[in-house]
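The values are calculated or read from the model by the stated rules, or taken from the named source; none is laboratory data. Source: prediction; values computed, not measured. Because the Cβ atoms are built from the backbone with ideal geometry, glycine has one as well, and the counts that use them run over all protein chains shown.
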Amino acid sequence: MTAVAATRIAIVTGASSGIGAATARGLAAAGYRVVLTARRKDRIEALAAELTDAGHDAMAYALDVTDREAVDTFATAFKKIAVLVNNAGGALGADSIATGDPADWRQMYETNVIGTLNVTQALLPALTASGDGTVVVLSSTAGHGTYEGGGGYVAAKHAEHVLAETLRLEIVGTPVRVIEIAPGMVKTDGFALTRFGGDADKAAKVYAGVAEPLTADDVADTITWAVTRPPHVNIDLLVVRPRAQASNTKVHREL
Ligand code: NAP
């Protein structure tokens, strides 16, 4: 990849599906040059082509956020970037603490927490150099309260929340703001399917009877809104849930 000079660049991790793909669309429509990253190259290339055909500026770069060497190589292409959306992540399993698989916990920590750390560390100099940088951390309501069977995902999302809070404290005075978006139930193609190892029946039960879970577009709209506030306005934390969900454990279902 050749070095990119423009300052209005927005990088989205996990842009191959769900919230990340919708966010790439939203930020492209808002006028950013979007860089789509994820492991599934075919998907991000297809979306970048679709955005380019629609008159936007978009490119794809295959990247595993847990691979620090690859992240560092990716970061060398950018001298200045305006926005980084740390969206790559997800849940594995819904087991109790008594039965949860430590390998799942480790992988969730690697992807959600170390992945966000890797990309943020690598791109912080370019975000600062832009003179007006924004880091978005896509945590979850699972980062703010627990639920039975949440186990490793709740622990990882709490850590991601703490990463965002700590970073905001540490870089105050620099021209970079840190925005945390914490969605509740969002019906995306991938999230529940990944959580339940591809079991479509189990995945469907997550949303059973819920009139209108949030969509990826709803969350992307929220992210795009927060990012496009004037630079001195920092939306520290925005919790967004569907109306049918009052808390992580209180969901109205019409069954
Ligand atoms: P999704 O459709 O499964 O998307 C997950 C994305 O993360 C994919 O693009 C995936 O791309 C990427 N990803 C996973 N591991 C990666 C890795 N090691 N390196 C790079 N990319 C990786 O799920 P989603 O619902 O849009 O979730 C997006 C984010 O929102 C996650 O952080 C999730 O925890 C959070 N969230 C979701 C919900 C919900 O209810 N859906 C609620 C709150 C928060 P590749 O597989 O192509 O790499």
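General remarks:
- Selection within segment 75-110 - crowded, with 22+ Cβ neighbours inside 10 Å and in a helix (DSSP H, G or I): Met108
Let's see how each residue does on (1) at pLDDT 95 or above; (2) away from the ligand (no atom under 14 Å from the Cβ); (3) under 19 Å from Ala15 (Cα atoms); (4) out of contact with any helix residue (DSSP H, G or I) (no Cβ under 7 Å at 6 or more places or on another chain):
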site	(1), (2), (3), (4)
Gly145	yes, no, no, yes
Glu148	yes, yes, no, yes
Arg168	yes, yes, no, yes
Leu193	yes, no, yes, no
Ala203	yes, no, no, no
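- Screening Gly55 with (1) farther than 17 Å from Val85 by Cα; (2) surrounded by fewer than 16 Cβ atoms within 10 Å (Cβ to Cβ); (3) within 17 Å of the chain's Cα centre (by Cα); (4) of a type outside the set (A, V, I, L, M) gives one miss only, at (3).
- The condition of being buried (at least 19 other Cβ atoms within 10 Å of the Cβ), under 13 Å from the mean Cα position of the chain (by Cα), polar (S, T, N, Q) and within 12 Å of the ligand (Cβ to nearest atom) holds for Thr116.
- Residue list for segment 51-74, restricted to those being in a strand (DSSP E or B) and either more than 14 Å from Ile9 (Cβ to Cβ) or touching a Pro at 6+ places or on another chain (Cβ under 9 Å) (or both): Ala62
- Scanning segment 172-189 for any residue that is near the ligand (Cβ under 8 Å from one of its atoms), in a loop (DSSP other than H, G, I, E, B) and at pLDDT below 95 turns up at least one such residue.
Residue by residue, here is whether (1) in contact with an Asp or Glu (Cβ under 6 Å, 6 or more places away or on another chain); (2) within 10 Å of the ligand (Cβ to nearest atom); (3) in contact (Cβ under 8 Å) with a residue 24 or more places away in the chain holds:
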| position | (1), (2), (3) |
| --- | --- |
| Val35 | no, no, yes |
| Ala38 | no, yes, yes |
| Arg43 | no, yes, yes |
| Ala46 | no, no, no |
| Thr66 | yes, yes, yes |
| Asp72 | no, no, yes |
| Ile81 | no, no, yes |
| Asn86 | no, yes, yes |
| Gly90 | no, yes, yes |
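- Val137 within 27 Å of Leu238 (Cβ to Cβ) and surrounded by 24 or more Cβ atoms within 10 Å (Cβ to Cβ): yes
- Among the residues making up segment 119-150, a single one is assigned to a helix (DSSP H, G or I), touching a Ser or Thr at 6+ places or on another chain (Cβ under 7 Å) and free of Cβ contacts under 8 Å to residues at least 60 places away in the same chain: Thr128.
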